[in-house]
Amino acid sequence: MARLNAANLMVAQEIIARYPVPRSALIPLLHLAQEQDGYVTEDAMAHIAELVDVEPAEVMGTCSFYEMLKRAPVGDYMVNICNGISCHLLGSSDLIHHAEATLGVRPGGTTDDGKITLEAVECIAACTEAPCLQVNYRYRNRVTAEAFDELVAELRAGTAGVAAHGNLAKVRQHIGDDRRAGVSPPDGQGEPAWMARNPSDNGAGS
Amino acid sequence: MSEQETVVNITVNGQPVEAAPGEWVIAAAERAGVYIPHFCYHPRMNSVGMCRMCIVDIDTGRGPALQPSCMVAVSEGMVVDTTSEQTRKAQDGVLEFLLLNHPLDCPVCDKGGECPLQDQTMAYGPGESRFIEEKRHFEKPIPVNDLVYLDRERCILCDRCTRFADEVAGDPLITFQDRGDQTQVNTFPDLPFSSYFSGNTVQICPVGALTAVPYRFKARPWDLTEVESTFPNPMGDRVVVQASRDQVLRYQGVDSDAVNWGWLTDKDRFSFEAVASELRLRAPLVRGTALGRPDPAGSELVETSWGQALRQAADAIRAAVADKGPQSVAVLGGARLTNEDQYAWARLAKGVIGTDHVDAQLDDGLPADAVLGLPRATVNRACTPGGTVILLAPDPKEEQGTLYLRLRDAIVNRGVQLIELTPRASGLSHLAAFRLHHRPGEAAAVAAALMGGDIEPGPDGDIGGVPADDVAATAAAIANRADKPITVIVGRPSLAESADFTVEAVAELNRFANLLSAGGRPGIAFLPALHRGNVLGALDMGLAPGLLPGRITLADGGPALAETWGSVPSAPGADARGILQAAADGQIDVLILLGADPLGDFPHRELAEAALENAGTIIATDLVLNPSSARAHVVFPAAGFAERGGTHTNLEGRVTCQRQIVTPPGTARADWAIAAELARQLGADFGFGSPEEVWDEITRVAPSHRGLSREAIDASDDGVVVAQSSVAFTASGDTSSVPPIDAYSLRLTSARRMYDRGTLVQHVPSLAGLAPTAVLAVNPYDFDRVGVDSGADVQVISNVGEMAMPVVADPGVPRGTAAFGYNYPDLDVRALVDPEAVVTDLRIQTR
Amino acid sequence: MNAPAPAPADLRIITSRFDVEDGHTLAGYEHTGGYAGLRRALEMAPADVHGEVRTASLLGRGGAGFPAGVKWGFCPPGVWPRYLVVNGDESEPGTYKDRLLMERDPHQLIEGCLIACYALGLSQCFLYVRGEMAHAQERLAAALNEAYEAGYVGRNVLGAEDFSVDITLHWGAGAYIVGEETALIESLEGNRGMPRLKPPYFPASIGLYGKPTIVNNVETLANLPWIISNGGEAFAAMGAESSTGTRVFAVSGHVATPGVFEVPFGTTTFRDIIFDPRYAGGMRLGRTLKTFIPGGASAPWFFEEHLDLPLEKTTVDQAGSMLGSGAIVVMDDTTDVVRACHNVVRFFARESCGKCTPCREGTSWLEKILSRILAGQGRSQDLDLLMDVCDNISPGINWPPRQTTICPLGPSAVSPIASALERFRGEFEAYLPEAEETAVAVTTSAGAMS
Ligand SMILES: Cc1cc2nc3c(=O)[nH]c(=O)nc-3n(C[C@H](O)[C@H](O)[C@H](O)COP(=O)(O)O)c2cc1C
Ligand code: SF4
Ligand code: FES
């Protein structure tokens, strides 16, 4: 199961339909592939290339630029410990060392049970909650060594309430056909209608 | 930039410089003789400003500031300083950065000695490296395709190769991957950089990261001698030929503004291997015994002396003329020779022997008047911004690689609108403004409709298989742009249909020529996209029935030429088909083949077979034996490209020089010399001692070339375009009708592919492997009719033959049509083509 | 416009719903005055809406601090379509505000987008959220779905026959450089996030798909509903002359109560926001201040003597640094500045897009030298080498930095080194093996490594 499956193909079509130029959907589609397989397979990249009509090499070029998109299998849970300056000041290095010791892997490595991949990442925008981390991009703030061990235990027990790697937002944008304004292609329309309004006309505004 | 009327005045290192509006500082400086070091900048590609090496002090009024000169356009009063202290510091800094992770393995690098990075380092670079950390490591050279290796440790990420692949060739199969200092160039796993143009990336790589397999470790730049020349293809691509120890080792494209912009196809670039092929003929051959003793009745070809071979050939010709008259001698081929070779052969055939049975094309081109009798376009005219190009020819990407690159640039960057009037999609289809894919043989009807003729749409609202609305929309688009040049690229879109159809289409497009050019508008002109190397020179030099050198007919030019030549044939002779027919009927006693291979190339194989069977004596000149010359009685070893000087004529009528750099193998001689020798044997002295002397005579006797001196040609980088012609286009207005096609059949269209099983490709080891396997391409919708899956083997049946081949779905082929590559000896489509019929219909049977 | 209301010092414009339980839902947003600004805007002529934003002299909150109203004016007349791209890529180390604005008050941002689209005739909006912010993404997705259903977004906004615009939620995949507006656009086009060449200097002239494109930061746009409801003058009346309204700062590091605070822009001082109990509450555990980064990792460091500067753009610029993305990172006397410096440099080395040689090679070289020094393998010449490499990345090592690069990322790596080396050279020397003895002296006196 490496190309997008039937269900995801429909999601993909809906995503593509939201952009004036299909190629713009590339990154969201790569996320979709990662959601399906836990990482972005080469077949998925080739499939996406077909969907947005570019060469697979171009998809690879884009995919390989972004850290979140993994091109090889990773653990069910990416545990990304923030090593940004604010977290660094409040002991992120100690937390990382603790993690290395307890998980027995260095950053980038995956535990033998294939459950956890550890990473030391740059600032994740929770600087006032340092030291912090993300599990599959869900935050854990002011993390102590104890809290970390608990988290690991929960992850292993599957009780952490964190979806498997690849899943991001639980809610997807959906635009009903009746509400859709329609994409705005670059070689499209002239001046939008509302620009013609003038002060006196206090408009169609309800 | 010279034709720019307005100029921008800037100062470079204190000296005033006139620049063109919008010109990059780096280009303006270069023209003023100030070289600014750079790696990523390339004049034929968009600036990316990646390497930052071209950073210089630029003052636009707000004081000097360091800016990359490849990204800053000149502006009035701008002051540029490429020597300032901070410029030097910044450039040294960049150079040091580039060298940090560079392996510095110059001694074992192909680029060593011609490497911009190396040169810069010598010129400006810091001595001791201050970088003591571990260098970046990548797996050493990896093949990106069969011809090109990539060493990512040497790569400096200038984005030239990747930009070329994407912007110029349109094959973005190599891209940047990963990020930051881990960035690398690579292909998608197991998807090689299969582009017809990949060799260009090797030429433009500013370091030794990309190397060409055929050239790797062959020589060091300082061992090379080189000459500028013209590659013998119809585009007349300008090249530098490099040799070492009397061996051709490399062709490099030359940036000729008018022609190839420095690009070459891989097929041409790597064809240098053919020059040194061990199959090259080194001595004349005559019939002889298995023991190698000459013997007219012999079954073998044995080496002999020039004297012997020439005598035998002359005797045969003399006997034929004495016995059946000059018309019993015929000459085929010569399209790959130089203008001088062609002229000499034309004079021998028409002036000395007295036969007009002469044809350089093998019924796979166009009648001479359709080439010489129409207003001729240049490539630059076709690429005029905002202009219109009508493609009435085979896929340029397959047959005229560098023309394809020029057209692609014109469409993508200069707003040229492309109109495809072809039987199937081409390599430019996705860029075409209109795709009028007509039924084979029905281009003329569409052309007529385009030019405003009211054509009755067929039953399903189509004209020649094209929706009438599309035709109407296209006609409107042409009219809209009529203030800009309209250029028709005309060739033989399909060898499975009669040339008449193309000629008729041309006639239709030309019908309103004067209307289109009314009111000072540029109007319509034609660019002949014919197949063989110097076929246009051949027509200019009179290697065609009814023609004499200088674009003039036998009738019009005969009397004048007779004064130099002594005599000219009284009546027009036959074309290739006629000649082979006559030979088959036993009327040709001597058949002279100038590098021609009728068995391989003539569309009607059986006829060619019969002709060679029944021709009395066959005389051939060639580089290597081909199936036809192998049947000859006398074979002269000819000197090929880079082994002799001369001139070449491209599809625009542009005459440029070819130069010699290596000596021919054995005793091989240039064709002009062979012709002159034969003439002498027949009692005529041409008095030719060199190609220059031949050219002098041409400029004296050929009306269109009169006064065009070698000096004039040499003087200009782009050669000289010969425009004048006294030949008239004489197409009969009436269009021949195309038989209806029945519901169970598909109509065949067949054209050449870039890599075929043709002679040239097969003598270039590096290319031989690249020829695709022959398949029949059919529109996906027709598959239910065919009743098989894509890729399945089927039996293909025409009214003259049948054969088995795989069939594949190809949306580029219109419904009702089947496309098959030409020139595949292993699957020779000619077995299906009915030479008597104007089109060929196929039935497909599952096996 | 309505008379400028005197603004209470603790007035919160854009974080007002942070402690409203359901502030992120449509219901919660509506009964706290949500979408009033949009309604108001639709009753005005687009040009007048733009006018209000000009009057407000709202500075961009993404880092460059360019006046939004002015930038909006850069759209070439008569060129359509125009796009809006919301920069929600917040990744500058120490920066933490846009995520909260997206998670806690998504409708406010959506309303801001609609107002901008209406004012400038932007016919499609792309909301680019940083890839790692899954929660923000789902909050925005949910809010958009609600807003579409309720008729605020999409076809015929609020029933207006002539005003329809789609907001497309887009998300990245992990690359700081994509925050740079032209890289953001490249990324949105499905490419590698590599900044584009300047000129053109603003995407407003040539941006997404080569069309005029307004790129604004999340916080910038979040201010629009208030500005339109209350008038530009009311906004301008708040804060300082050229730094108007309020601004959100994240104060992190060695402070007692780190947090995200919305304060009057331009009048509050660093001392206030770092030491005032209402804000960061001073240094933790009674430590003393060693240095602080006033505006995100790219900014040169500030010290004691800068504490009384107001959080005001021009003042801070003139003092040799920037407010940047509103990220104040405080370091106390226990800080090992060499490690801190390395941490920030490593960030830029890891995040370089790789396009410009000086940034690609230079930043990683700096990082390698620093980690070698930290590993005790430094050489005496390394400190000067560091400075010279910096000089080759940013000639003159001035502020604002001179660039040999396409975007400021490369030069940004110079700030921490220049700041730290100049002020704490002794701490660097202390890491050099052959300098051990002196090192002790130096460091103790500098009070580090304790
Ligand atoms: C390296 C770099 C990173 C940036 N990152 C961000 C970012 O994460 N968020 C942001 O809003 N602006 C960022 N910017 C600034 C944007 O380029 C742009 O100026 C801003 O989004 C414009 O919005 P504003 O005018 O509303 O501030 C960055 C700039 C640079 C050079
Ligand atoms: S400065 Fe760095 S990040 Fe910015 S464009 Fe250049 S290489 Fe990329
Ligand atoms: S040549 Fe200008 S940046 Fe490379």
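Name the helices (runs of 4 or more DSSP H) wholly within the range A:1-83 that hold at least 3 residues that are among the charged types (D, E, K, R)?
Counting at least 3 such residues, we get A:42-52.
Just one of the listed residues (B:81, B:105, B:92) is surrounded by fewer than 23 Cβ atoms within 10 Å (Cβ to Cβ), acidic (Asp, Glu) and touching a strand residue (DSSP E or B) at 6+ places or on another chain (Cβ under 9 Å), and it is B:81. Have a look at C:347, C:265 and point out the one that is buried (at least 23 other Cβ atoms within 10 Å of the Cβ), among the hydrophobic types (A, V, I, L, M, F, W, C) and touching a Gly at 6+ places or on another chain (Cβ under 6 Å). Every option except C:265 fails the conditions.
Here residue C:363 qualifies as crowded, with 24+ Cβ neighbours inside 10 Å, modelled with pLDDT of 95 or more, within 16 Å of ligand 2 (Cβ to nearest atom) and within 11 Å of chain B (Cβ to nearest Cβ).
Screening the range C:311-394 for helices (runs of 4 or more DSSP H) wholly inside it with 2 or more residues that are within 16 Å of ligand 3 (Cβ to nearest atom) returns the ranges C:357-374, C:382-393. If I filter the range C:257-268 for residues that are more than 8 Å from every other protein chain (Cβ to nearest Cβ) and in contact with an Asp or Glu (Cβ under 7 Å, 6 or more places away or on another chain), do I get at least one hit? Yes, that holds for at least one residue.
Here residue B:750 meets the list (1) more than 30 Å from residue B:654 (Cβ to Cβ); (2) not in a helix (DSSP H, G or I) almost entirely, failing just condition (1). In this structure, residue B:92 does satisfy being more than 16 Å from ligand 2 (Cβ to nearest atom), acidic (Asp, Glu), out of contact with any Ser or Thr (no Cβ under 7 Å at 6 or more places or on another chain) and at the interface with chain C (Cβ under 10 Å from one of its Cβ atoms). Once the range B:117-135 is narrowed to residues that are surrounded by 18 or more Cβ atoms within 10 Å (Cβ to Cβ) and either within 14 Å of another protein chain (Cβ to nearest Cβ) or modelled with pLDDT under 90 (or both), the residue that is nearest to the chain's Cα centre (by Cα) is B:117. When only residues in the range B:685-704 that are among the hydrophobic types (A, V, I, L, M, F, W, C) and either modelled with pLDDT under 95 or in a helix (DSSP H, G or I) (or both) count, which is farthest from residue B:722 (Cα to Cα)? Taking the candidates together, the pick is B:694. Among the numbered conditions (1) surrounded by 24 or more Cβ atoms within 10 Å (Cβ to Cβ); (2) within 18 Å of residue B:602 (Cβ to Cβ), the only one that residue B:364 does not meet is (1). Looking at the range C:2-91, the helices (runs of 4 or more DSSP H) lying wholly inside it that each contain 1 or more residues that are of a type in the set (Gly, Ala, Ser) and under 24 Å from the mean Cα position of the chain (by Cα) sit at C:46-56, C:68-72.
Candidates B:707, B:640, B:666: the one that is part of a loop (DSSP other than H, G, I, E, B), modelled with pLDDT of 95 or more and at positive phi is B:666. Reported count of residues in the range B:160-202, each being aliphatic (A, V, I, L, M), more than 8 Å from every other protein chain (Cβ to nearest Cβ), over 22 Å from the mean Cα position of the chain (by Cα) and not in a strand (DSSP E or B), is 0. Taken over the range B:68-78, the criterion of being farther than 16 Å from residue C:404 by Cβ and either touching a Phe, Trp or Tyr at 6+ places or on another chain (Cβ under 7 Å) or crowded, with 24+ Cβ neighbours inside 10 Å (or both) is satisfied by B:73, B:74.
Residues in the range A:48-67 that are more than 9 Å from chain C (Cβ to nearest Cβ) and either in contact with a helix residue (DSSP H, G or I) (Cβ under 8 Å, 6 or more places away or on another chain) or within 15 Å of residue B:187 (Cβ to Cβ) (or both): A:48, A:49, A:51, A:53, A:55, A:56, A:57, A:60. So for the range C:411-419 (the condition being within 30 Å of residue C:198 (Cα to Cα), within 16 Å of ligand 1 (Cβ to nearest atom), at the interface with chain B (Cβ under 10 Å from one of its Cβ atoms) and surrounded by 24 or more Cβ atoms within 10 Å (Cβ to Cβ)), does at least one residue qualify? Looking through the range C:411-419, none of the residues is within 30 Å of residue C:198 (Cα to Cα), within 16 Å of ligand 1 (Cβ to nearest atom), at the interface with chain B (Cβ under 10 Å from one of its Cβ atoms) and surrounded by 24 or more Cβ atoms within 10 Å (Cβ to Cβ). Of all residues in the range A:66-78, those that are under 22 Å from residue C:176 (Cα atoms) have Cβ atoms under 9 Å from Cβ atoms of residues that are small (Gly, Ala, Ser) and outside any loop (DSSP other than H, G, I, E, B), 6 or more apart or on another chain, in A:66/C:187; A:69/A:33. Taking the range B:45-67 as the range and being facing chain C (nearest Cβ under 9 Å), buried (at least 24 other Cβ atoms within 10 Å of the Cβ) and over 37 Å from the mean Cα position of the chain (by Cα) as the test, only B:55 passes. Tell me, which residue of the range C:148-192 that is at the interface with chain A (Cβ under 8 Å from one of its Cβ atoms) and of a type in the set (Asp, Glu) is surrounded by the most Cβ atoms within 10 Å (Cβ to Cβ)? Filtering the range C:148-192 for residues that are at the interface with chain A (Cβ under 8 Å from one of its Cβ atoms) and of a type in the set (Asp, Glu), the one surrounded by the most Cβ atoms within 10 Å (Cβ to Cβ) comes out as C:166.
For the range C:330-348, filtered to residues that are within 7 Å of another protein chain (Cβ to nearest Cβ) and within 16 Å of ligand 1 (Cβ to nearest atom), the residue that is nearest to residue C:258 (Cα to Cα) is C:344. Scanning the range C:175-189 for residues that are among the acidic types (Asp, Glu), free of Cβ contacts under 8 Å to residues at least 60 places away in the same chain and either within 16 Å of ligand 3 (Cβ to nearest atom) or in a helix (DSSP H, G or I) (or both) yields a single hit, C:186. Scanning the range C:295-310 for residues that are part of a loop (DSSP other than H, G, I, E, B), more than 13 Å from chain A (Cβ to nearest Cβ) and more than 16 Å from ligand 1 (Cβ to nearest atom) yields C:303, C:307, C:308, C:309.
For the condition surrounded by fewer than 24 Cβ atoms within 10 Å (Cβ to Cβ), of a type in the set (A, V, I, L, M) and at pLDDT below 95, residue B:219 qualifies. Residue B:495 passes all but one of (1) farther than 25 Å from residue B:837 by Cα; (2) in contact (Cβ under 8 Å) with a residue 24 or more places away in the chain; which number fails? It is condition (1) that residue B:495 fails.
The values are calculated or read from the model by the stated rules, or taken from the named source; none is laboratory data. Computed from a predicted model, the values in this text were never measured in an experiment. Here the Cβ is made from the backbone with ideal geometry for all residues, glycine too, and neighbour counts use every protein chain on show.
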